[in-house]
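What follows is one structure encoded as structure tokens, with my remarks underneath.
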Amino acid sequence: MRPDLNEPRWQVVYPLGTTDAMRSLGTIAAPLLAGFGLATIGLLVTAERTPLLADWAVAAFAAGSTLMVFCVQLTCTGLLYAAPPAERASWLQGRPVARAALDVQRKDLWLSGRYFRRARWTYDLALTAHLIGLTALLVPRSAQPGRWIGVAVVLVALVMEMTWIVTAHRGRGPAWLLPGYRHARQSLDTPPGGEP
């Protein structure tokens, strides 16, 4: 007996919001931050008086902006493979779903996942490079308390970003930074004022 390919168990399902989140990452956030990095580089290389660590800032912003451009490319390529099941069904115009269409959908899901993961990695590394560049920009030539406070704030942000990257890609983020299903389950299974 042949399986009914229209049954839900034969449908490949995309995680809700995946393509919207990635679309925002690759079409808004990454280009905006790449532009910020390139503008900063332009200011630094044409300025008569530069910050103490200007060369390091230029290098960090150049790396970050380049990675942001790759993030845009990887996201766009991933979106090429990320058509949701409802959109695919509309292409078939009411015809039954063929095994070949499901096979293509499975391959597309695999490919979009790969491109989206690479886009996230380039975005995370680019943010890290931008924070390093920002830190280098703020290091003062002399004792300036406001600038040192700025350096401290950006260094805290850099530590948080590194924590985010390491724990998010392992899927085990701390609740204070990256709450996930595990934390929601623990919180929702605990009665209000007592032990679970």
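A short reminder: the numbers here are calculations on the coordinates, not readings from a lab. Bear in mind that the values here come from a model prediction, so they are computed numbers and not experimental data. For neighbour counting, all protein chains shown are included, and Cβ atoms are generated from backbone atoms with ideal geometry for every residue, glycine included.
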Rough spin-label spacing in nm, given labels placed 7 Å along Cα→Cβ, for Ser187 and Trp110: 3.7
Per-residue HN-Hα couplings for the stretch 108-113 [Karplus 6.51, -1.76, 1.60; θ = phi - 60°; Hz; x = Gly/Pro]: 4, 4, 5, 5, 4, x
Gain upon complete extension [Gln73, Arg49; 0.36 nm per residue less C-alpha separation]: 5.1 nm
